[in-house]
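First the structure, in the form of structure tokens, and then the observations on it.
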Ligand SMILES: Nc1nc2c(ncn2[C@@H]2O[C@H](COP(=O)(O)OP(=O)(O)OP(=O)(O)O)[C@@H](O)[C@H]2O)c(=O)[nH]1
Ligand SMILES: [Mg+2]
């Protein structure tokens, strides 16, 4: 709970069998998290068994994709504030309080993983990924004349339920570039948001995306196209 608001965390999972139990315990140990929902997106065998050792709830999404898994999680939570993160050991339960502290003034609080001091040794944030994320963030900032953005690939974020209700019917991206789509919808809807630095630690297990430079580069291009497309897209808000 945070100021009488129920806090839910959603963890999409695909290949995090060896880290998911610790991640769940780490986020609960923040002291603020009321429920954790794991979205099993055709995850590696043995993942459910690990989750069952904890108090987290498991739901299933068969449609393969980072975005689809998060959509399902958002649909199934009951929290007033929903935190989206990853159970791969890269994010820290200690950062929950930072998101919550800013939620007093903002309806969407998104993390950035490009703060040099908070990039842990061994984390998957080399020069190329750091400045690629920064540059793409700056494209959004410039094109939409919005607040500072220094990352576009950070899963860790908080959204308040009314903000989610406002944007959910516009979700279109079921794959890996769903993250920036969500932020663009927030910007287009005029919802108050801020980006804050979070810790970024080494991943446990293998990354299926940004571990490969080629995949990361093409994902970046997709994101940039999305950003330009959204700039001129008409969205009918009520
Ligand atoms: N790649 C991938 N990830 C999925 C899928 N469904 C859910 N996820 C989850 O999405 C999160 C991101 O995937 P990762 O493999 O960690 O991607 P990454 O290369 O580490 O990318 P970053 O975390 O953005 O650096 C993880 O928590 C996955 O479990 C899917 O179909 N594909
Ligand atoms: Mg990851």
151, 26 arranged by Cβ crowding within 10 Å, fewest neighbours leading = 26, 151
How big is Rg to Rh over the chain, alpha-carbon atoms, Rh as the Kirkwood inverse-mean-distance radius?
-> 0.93
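At 0.36 nm per residue, and after removing the present C-alpha to C-alpha distance, how many nm does the segment from residue 75 to residue 116 gain when stretched out fully? Could you put the intermediate results ahead of the total?
Working: separation 41, 0.36 × 41 = 14.76 nm, distance 3.43 nm.
Gain in length upon complete extension: 11.3 nm.
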Return the whole-Å distance between the Cα centroid of region 7-26 and the Cα centroid of region 216-238.
-> 29 Å
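Counting DSSP beta bridges in region 7-231, what percent are antiparallel, to the nearest 5? List each step's numbers first, then the result.
Numbers: 7 of 27 bridges.
Once the DSSP bridges in region 7-231 are tallied, antiparallel ones form about 25 percent.
Would you work out the relative contact order for region 124-238, in percent, from Cα pairs under 8 angstrom that are 6 or more residues apart? Kindly include the intermediate steps, with their values, before the conclusion.
Details: 86 pairs, mean separation 35.1, N = 115.
Reported relative contact order: 31 percent.
Kindly state, to the nearest 0.05, the FRET efficiency for residue 126 paired with residue 204, given R0 = 22 Å and r defined as their beta-carbon distance. All intermediate terms of the calculation are to be shown ahead of the outcome.
Numbers: r = 18 Å, r/R0 = 0.83.
So, using R0 = 22 Å, E works out to roughly 0.75.
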At q = 0.21 Å⁻¹, what is the base-10 log of I(q)/I(0) for region 1-74 according to the Debye formula with one equal point scatterer per Cα and no solvent? Please give it to two decimals.
-> -0.86
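Provide the gained length on full extension for the span residue 194 to residue 101, in nm with one decimal, where the gain is 0.36 nm per separating residue minus the Cα-Cα distance. Let's see the in-between values first.
Working: separation 93, 0.36 × 93 = 33.48 nm, distance 1.16 nm.
Full-extension gain reported as 32.3 nm.
Using Cα-Cα distances under 8 Å and only pairs 6 or more residues apart, what relative contact order does the chain have, in percent?
Values: 463 pairs, mean separation 55.7, N = 238.
Normalised by residue count, the contact order of the chain is 23 percent.
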Distance in Å, no decimals, from the C-alpha centre of region 140-204 to the one of region 58-108 is 12 Å
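Taking the number of other C-beta atoms within 10 Å as the exposure measure, put 169, 157, 203 in order starting with the fewest.
Details: 169 9, 157 22, 203 19.
With the fewest neighbours first, 169, 157, 203 line up as 169, 203, 157.
Would you mind getting me the FRET efficiency between residue 3 and residue 217? Use the beta-carbon distance for r and R0 = 35 Å, nearest 0.05.
Details: r = 42 Å, r/R0 = 1.21.
Approximately 0.25, to the nearest 0.05.
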Ordered by fewest other Cβ atoms within 10 Å, a rough proxy for footprinting exposure, 49, 16, 61, 75 read 49, 75, 61, 16
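Laboratory data are not the source of any read-out in this text; all were calculated from the coordinates shown. Source: prediction; values computed, not measured. Methodologically, a virtual Cβ is constructed for each residue, glycine included, from the backbone with ideal geometry; neighbour enumeration extends over all protein chains shown.
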